[in-house]
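Okay, so here's the structure we're looking at.
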Amino acid sequence: MCRVTEIALRLKHLIEQAVPCELKETQITKPHSEIITRGVIELAEEAGDVQDRACVVFCLLICLRWFKRQGEFARFSAALVFLASDRIG
């Protein structure tokens, strides 16, 4: 497995554990957030070894793309379920 992929997967797992999907965006992005703490940022920085720290930002962009795709798929699936239930009911 590519080293960048390993770091991106670590970051994705960290984000999924640190940020519950039930939160509003403002709770996460506000200054002095109780969700994105200094500890979470340090963990993200340490997702790669010392020589891999430069690719952490790139890996965060990869995670962003993954989460956007996941959200699009969830919306698409929800729309299909809604249409199916509409036909049944």
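Each reported figure results from applying straightforward, stated rules to the coordinates on display, with no laboratory input. Quick caveat, the model's predicted, so the values are computed rather than measured. Glycine gets a Cβ as well: all are built from the backbone with ideal geometry, and neighbour counts include every protein chain shown.
For this structure, a couple of remarks:
- Theoretical gain in end-to-end length, R53 to L80 [0.36 nm per residue, Cα-Cα removed]: 5.6 nm
- Sequence of T5, T26 once ranked by neighbouring C-beta atoms within 10 Å, starting from the fewest: T26, T5
- Residues V50, V19 in ascending order of nearby Cβ atoms (within 10 Å, fewest first): V50, V19.
- One decimal place: the segment T29-E72 gains 13.4 nm when fully extended, by the rule 0.36 nm per residue minus the C-alpha distance.
- Each Lys and Arg adds +1 at its Cβ and each Asp and Glu adds -1 at its Cβ; summed about the Cα centre, the chain shows a dipole of about 320 debye.
- Inverse of mean 1/r across different Cα pairs in region 3-88, Kirkwood, Å: 14.7 Å
- Cubic angstrom per residue, convex hull over Cα atoms of region 47-89: 45 Å³
- When region 3-88 is described by a simple charge dipole with +1 on each Lys and Arg Cβ and -1 on each Asp and Glu Cβ, the residue from L60, V81, T26 located farthest towards its positive end is V81.
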